[in-house]
Structure formats: C-alpha cells, structure tokens
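Quick notes on the structure that follows.
The values are calculated or read from the model by the stated rules, or taken from the named source; none is laboratory data. This is a predicted model, so every value here is computed, not measured. FYI the Cβ positions are ideal-geometry reconstructions off the backbone, even for glycines, and counts take in every protein chain you see.
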Amino acid sequence: AAGDGNGGGAGGNGQAGEGRRSAHWFGAEGRAGMLYRSWMRGQGFGPEVFDGRPVIGIATTWSELAPCNSHLHRVAEAVKRGVWQAGGFPLEFPVLATGETLMRPTAMLYRNLLAMEAEELIRANPLDGVVLLSGCDKTTPGLLMGAASVDLPAVMVTGGPMLNGKYRGGDVGSGTHVWKFEAEIKAGRMSEREAQLAEGCMARSNGHCMTMGTASTMACMAEALGMQLPGSAAWPAVDARRMEVAQEAGRRICEIVEEGLRPSRILTREAFENAIRTNAAIGGSTNAIIHLTALAGRVGVELSLDDFDALARDVPTIVDLMPSGRFLMEDFCYAGGLPVVLRQLDEAGLLHSGALTVTGRGMGENVKEAVCWNTEVIRPMAEPMQPAGTGTAVLRGNLCPDGAVIKQSAASPELLRHVGRALVFDSPEQYHAVCDDDALDVTPGDVLVIRGAGPKGYPGMPEVANVPLPAKLLRAGVSDMVRISDGRMSGTGFGTVVLHVSPEAAVGGPLALVRTGDRIELDVPARRLELLVPEEELARRRAEWRPPAAPDDGGYRWLYREHVMQADQGVDFGFLRGARGHDVPRDSH
Ligand code: FES
Ligand code: MG
C-alpha cells in the first residue's frame, strides 16, 4: 500500500526507517540532522527515538478557553502510551481550539482557520501519521478537513461527552436545557436562584455536550466515516474506557502508517453515504450537513444538499436522545453506542458494509457483533422513534433557490405546513432589541425572518436561527413559531426553524427581498419554501437592493468574507477545497 502516489517526491509512508517522511529530518546527516535532533533532545528524549520509528503527531485542540476540550491533555497521554507501546515516537502539538461557548462572534468563523492550521502544521513537521484530538463542535470537522487535505495516515479520537446533567432528580441536557431554562425564566416560572443552581448541575464533568448536539453528532460522524475506532464516539470523557480507546488509537496509528492507510482511502463516497444515513438514524445535528459537505470538498467527493434528503429518506430515527428525544449520551453509551446503530443500518441494507475504516477492516465487519443493551435508547428499526422520511429535510423554492434545511424531529408537526405573515429582522440583534417588548406587533401565526446571519453577512454563520419567542407569546403559553434564517441552529436547539437559507441575504439572495407583511408558505412534506410575492414585485425590489457595506477591518475577517462559500457548499474557503498532499517541504537550514 506504500507509495501510491500522493506522498509526492519524498517517498510515501509505510516503508520502514529510511523511507519515512520523518527520516528527512531525524535521519538527516551533517549539520541539519544534528540541528533537528539536538533541540528535540533538549526535551529529554534519548537518541533511540531517532532510529527510524514512526513519528506520530498528536494534534490537540486542548484549551481552558474551550471547556469541552479541557481534558484533552489526559487523552493525549493515553494516546502517547499506545504509540510508545507500538514502537512509535509520539509528539503532541496544539492547534486552534474553537470552543463554542466563549468565542465571539461565533466559533464557526474559525473552523476553516483550524483546518488550515492543522493542515499546514502536519505538513511542515517531521510526521508520519497523526492522531486528531477534538471534542467541541467545530474541532472535529476542522481537524478532519485539515487532515484530509494533507492526507497523511490519521486516526481521530474525540474527547467524549460529559456525564449526564442532573438537576432535581431529572436529566438535564447541555445546550437543550439552556433554551428550556431561558423560556422558564422569561415566563416567570424559574427564579434567578434556581437558575444558578441549575447551571452548575448541567455541566458536571469534563467533556463535550452530552445531548445529540453538534459535538456528539460530529463524534458519531467521525466514527461512521471510519475515521475513529468503533465505539469511540460515546464513551464519556471521564470514563476509564475513553482512555483505553485513546491508547488503542495510539497503537493503531503506528500500524496504519505501515499499511499506508490514508484518509483518502477511507473518505470515499460510500463513507459519506454511511455518515449521512447514520446522522438520520441518530437524529443528529443539522450542522453535520455543512461539515460533511465541506469535508467532501476536501477529498473530491461530489455531495449535494439533495443527497442528504434522498439518502435520509429511507432511514428512521432510532436513537432517542435530546434535543429531539428523552435520553443523553451516557445512556447511549451504556446501550451499546454507535456500533449498534451501524449494525442495525447494515442489517436493513442501509450501510455500505465494505467501506474501509481505520481498523483496516470494513464498517460491517467492525460492528457485526454489536449488541443493544437498552431498546428504549436505541430502538429496533421496526419500532423507530421517528419513521423514515421525517428527519432533516432539504427545502427548495423562490425563497431558497440553493436550498435550506429543517430538522423535522425538532419541529412542531402542526407547523410543518404553514402560511404566515413575515416579520423581518436584518440581524439577530435587531430582533433581540424588541422581542421582549409587549408592544411588538406579533401573533403566533407570524413567521420570524432573521437574516444577516449567513456565512458572509455575519460573518461566520452563527447559531442564531432559533431565536427565543417574543416574551408576550411565551407568557401566553405559545411554545413554537416558524422561524427562517440564513444562519444555523445549535445542534442542541429545537423548534420549527428553517436554516441555512441559500444564497444568504448579504449576497442578495431572495431572503434579502422579504418585507414585513409579505406572506411566506412553508410546506415541508412537499419540500417547499415560497415567498408569496409576485415576481414583478420581487424584480422591482431586486433592482433596488444594495449590498450591505463591508466593514473596513482587514485581517482574518476580510479573508473570510472574500473567500467563504455559501451554506450549500459547506462554508469552506474556495481556495481550501481539495487535497494538497504531504510532500516534504524544502529545508531552511
Ligand atoms: Fe462544546 Fe457543546 S459547547 S460541545
Ligand atoms: Mg453547538
């Protein structure tokens, strides 16, 4: 398997000693070799680590500013044990930690920067293989995208979910309950003091969100794609077996280097189809659509928005987790985790069982002995939580010529076909400024349009589409309204929310032409989203439309606005599409 081309002029991977990529550094003669080795020995490594063994990078998104990833240094220690056991030389290095909770204006603005940094660091250094440590939402796709573009042997180890939140005898889901508590507080049913207690009970250990939000979804996607070891997605962050699987990944990456098993052999069209169907089965986050599309663009796999709808249509949702269902990731883990779901898909003929994975075997082979220990949490295919065809739907229509998505399982069934009056806001801030005002002219049948939240317009396409309902409606007991946005929704969020409207308002998509008082028709069973305004009137508005002035800010945000692609293209930078391989760069010494 070694040396099949993509390694470029430096010789591929998979040959011992001399032929390794790392040998260009540590095996070098003369002054340069001395220089490479000497500084490494300053860390206390003996000369034996330069004997031609595989050098394994451990790319970690550890940071105290990304609380979901704050335990990854411990996971890295476990990976290192495995690498040493298998005769490799592990070296941990930090990459951008994109934490959802603190980063402004949105962690999504930095996913591509993480991908770019990971790609460049892997290529620039004496590495033969890499283990990718992620956790919080954007860290998993960012690392996968970067690793795919370098295409050096790679295994992902996600950091695992937090323990289930517990408050007053009940389960509390991270993210999901923030929305619920907010509504309770606004409706006057929860006191400040109770809210303070509850926030401490929600996040009670290291780990990422333990709902089936974006982090858990992307961990499952990494496993369904074949990029992390079977069962990896679900072990809680603080479970001893999380460390065990990390150690196993450390051993396995050394073998993978010998086998020359690179991401391009794993990330095939079949792997993406497996991931898309898995996402439907687990009731995963809408954000997976954007991240999988971006990743597919890195490896040259054609994937359109319509593939997501078509592939998911025959898959029922069988995992009963918040935000759509009842349970949390700990329950999912104890029920058997993702291998159970994959096995059930396989038995239903919905899995490409031959798709190659980091185990070196096909996906079907990996999961053929998986057993379900709790059929409430992971239902049998014949008794699903949601029937096939009711997962995330892709909409088309004059309001979203390049598509939009809606997570049906998080929506109210009675709103899936709805005609209402548009109430338009040019930014989430504009809405927030008036949503608690009792004078706001709004009725439960209205359609809230939140625009200016797209990739270019915000910039960064934040998770703001599921804005809370106006306070006066909440007090009246209204629990859902149709919302439409060019932004995203947190994977832990819920409601009848149309997301990812493309093209976005900031580039002159039809969303920019909507005015308060217009009528909008949503028909999810027919996959339609229409602005009920005559075309002549729309043409008149289009002629009057002027793009919003771009801020004169320069820097990374300028780069982002210049190069970011729309939601249906995965919000990657155009210039980052494709793989650039792992040739050994020229020497500066
Ligand atoms: Fe990090 Fe949810 S905030 S995973
Ligand atoms: Mg999120």
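Some points to look at:
- Residues of region 108-130 that turn out to be in contact with a helix residue (DSSP H, G or I) (Cβ under 6 Å, 6 or more places away or on another chain) and surrounded by fewer than 24 Cβ atoms within 10 Å (Cβ to Cβ), as a count: 2
- Residue in region 3-20 that is away from ligand 1 (no atom under 16 Å from the Cβ) and either assigned to a strand (DSSP E or B) or modelled with pLDDT of 95 or more (or both) present: yes
- Selection within region 255-296 - within 18 Å of LEU152 (Cβ to Cβ), buried (at least 24 other Cβ atoms within 10 Å of the Cβ) and in contact with a helix residue (DSSP H, G or I) (Cβ under 7 Å, 6 or more places away or on another chain): PRO263, LEU267, LEU295
Residue-wise test of (1) of a type outside the set (S, T, N, Q); (2) outside any loop (DSSP other than H, G, I, E, B); (3) under 18 Å from the mean Cα position of the chain (by Cα); (4) over 13 Å from GLU376 (Cα atoms).
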| residue | (1), (2), (3), (4) |
| --- | --- |
| LEU303 | yes, no, yes, yes |
| PHE308 | yes, yes, yes, yes |
| SER324 | no, no, yes, yes |
| ARG343 | yes, yes, no, yes |
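- Matching residues in region 481-495 - criterion: being more than 19 Å from the chain's Cα centre (by Cα), outside any strand (DSSP E or B) and more than 20 Å from SER174 (Cα to Cα): MET481
- All of (1) surrounded by fewer than 21 Cβ atoms within 10 Å (Cβ to Cβ); (2) hydrophobic (A, V, I, L, M, F, W, C); (3) not in a loop (DSSP other than H, G, I, E, B) hold for VAL478 with one exception: (3).
- Qualifying residue in region 206-223 (condition: at pLDDT below 95, within 13 Å of ligand 1 (Cβ to nearest atom) and surrounded by fewer than 24 Cβ atoms within 10 Å (Cβ to Cβ)): no
- Qualifying positions in region 206-256 - in contact with a Cys (Cβ under 7 Å, 6 or more places away or on another chain), aliphatic (A, V, I, L, M) and away from ligand 2 (no atom under 14 Å from the Cβ): ALA233, ALA234
- Some residue of region 405-413 being more than 28 Å from LEU321 (Cα to Cα), part of a strand (DSSP E or B) and basic (Lys, Arg): no
- Every listed requirement among (1) outside any loop (DSSP other than H, G, I, E, B); (2) closer than 30 Å to LEU295 by Cα is met by GLU536 save one, (2).
- Residue within region 522-532 that is of a type in the set (Gly, Ala, Ser) and farther than 30 Å from ASP320 by Cα present: no
- Some residue of region 97-110 being without any contact (Cβ under 8 Å) to a residue 60 or more places away in the chain, under 30 Å from ARG488 (Cβ atoms), within 13 Å of ligand 1 (Cβ to nearest atom) and of a type in the set (Ser, Thr, Tyr): yes
- Search result, residues across region 163-205 that are of a type in the set (S, T, N, Q), touching a Pro at 6+ places or on another chain (Cβ under 9 Å) and more than 11 Å from ligand 1 (Cβ to nearest atom): ASN164, SER205
- Any hit, region 315-323, residues being in contact with a Gly (Cβ under 9 Å, 6 or more places away or on another chain) and either over 14 Å from GLY283 (Cα atoms) or aromatic (Phe, Trp, Tyr) (or both): no
- Top-ranked residue in region 62-82 [being over 15 Å from ILE253 (Cα atoms) and among the small types (Gly, Ala, Ser); ranked as nearest to the chain's Cα centre (by Cα)]: ALA66
- Filter result (within 13 Å of ARG483 (Cα to Cα) and surrounded by 22 or more Cβ atoms within 10 Å (Cβ to Cβ)) within region 400-419: ALA404, VAL405, ILE406, LYS407, ALA410, ALA411
- Of the helices (runs of 4 or more DSSP H) lying entirely inside region 162-270, those containing at least 2 residues that are farther than 28 Å from SER409 by Cα are 192-202, 240-259, 263-266.
- Residue match in region 342-360 (condition: among the basic types (Lys, Arg), more than 27 Å from PRO153 (Cα to Cα) and either touching a residue at least 24 places away in the same chain (Cβ under 8 Å) or crowded, with 19+ Cβ neighbours inside 10 Å (or both)): no
- In region 523-555, the residues that are crowded, with 20+ Cβ neighbours inside 10 Å and within 27 Å of the chain's Cα centre (by Cα): VAL524, LEU529
- Condition check for GLU463: under 20 Å from GLN566 (Cα atoms), in contact (Cβ under 8 Å) with a residue 12 or more places away in the chain and within 16 Å of ligand 1 (Cβ to nearest atom): yes
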